[in-house]
Amino acid sequence: MRGPPGSYILFLRLPKDTLITVGRLGTICFRAGLYAYVGSALGGWEARVNRHLSVGATTHWHVDYLRAESLVEGVIVFESPERLECIINQAITRASLEVAPGFGSSDCGCSSHLHFLRSLSD
């Protein structure tokens with residue numbers, strides 16, 4: 001079952017500073033820490049999120065490259081037939097420290113759908 005349509009935030013923890021080649025974006029230096037990736041799955045969020053949670057998934061989306069090097073810390077799902085990812089993304093942008101330009105945002109006007117978050121211990 002693919003589940004109902006929706007948008008989601010995937011929280012990923014990168015344990016150490018890592019250089020990752022992300023498709024056409026090239027090689028990016030990711031700092032160790034917590035990242036939030038905002039995505040949508042209007043065809044069913046359940047299947048998409050389960051794919052992100054699985055280890056060893058093929059690299060199809062930008063987030064797959066980061067996911068291969070990181071641990072999933074959590075997921076928040078917003079069930080809706082409307083595409084909410086850019087609205088959610090804008091809210092996170094105000095609280096994030098930096099973004100990887102073009103990451104996960106090739107089909108919209110956002111600068112990035114990946115955010116580096118300040119740790120609670122910082």
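The values are calculated or read from the model by the stated rules, or taken from the named source; none is laboratory data. Worth saying up front: this structure is predicted, and the values here are computed from it rather than measured. Cβ placement follows ideal geometry from the backbone for every residue including glycine, while neighbour counts extend to all protein chains displayed.
Having 2 or more residues that are under 23 Å from Arg2 (Cβ atoms) and among the hydrophobic types (A, V, I, L, M, F, W, C) is the bar; report the strands (runs of 3 or more DSSP E) wholly within region 26-96 that clear it. Step through it out loud before you land on a result.
Working: elements: 26-30, 33-41, 71-79.
Filter on region 26-96 gives 33-41, 71-79.
Given the conditions (1) over 17 Å from Leu117 (Cβ atoms); (2) free of Cβ contacts under 8 Å to residues at least 24 places away in the same chain; (3) surrounded by 19 or more Cβ atoms within 10 Å (Cβ to Cβ), which single one is not true for His60?
(3)
Looking at region 22-63, which of its residues are at pLDDT 90 or above and among the β-branched types (Val, Ile, Thr)?
Val22, Thr27, Ile28, Val38, Val49, Val63
Looking at region 94-108, I want the residues that are farther than 11 Å from Leu25 by Cβ and have a partner that is of a type in the set (Ser, Thr, Tyr) and modelled with pLDDT of 75 or more with Cβ atoms under 8 Å, at least 6 apart or on another chain. Which pairs are those?
Val99/Thr93; Val99/Ser111; Val99/Ser112
Can you pull out every residue in region 1-20 that is within 14 Å of Ala68 (Cα to Cα), surrounded by 11 or more Cβ atoms within 10 Å (Cβ to Cβ) and not charged (D, E, K, R)?
Once the filter is applied, which keeps residues that are within 14 Å of Ala68 (Cα to Cα), surrounded by 11 or more Cβ atoms within 10 Å (Cβ to Cβ) and not charged (D, E, K, R), region 1-20 yields Leu10, Phe11, Leu12, Leu14, Thr18, Ile20.
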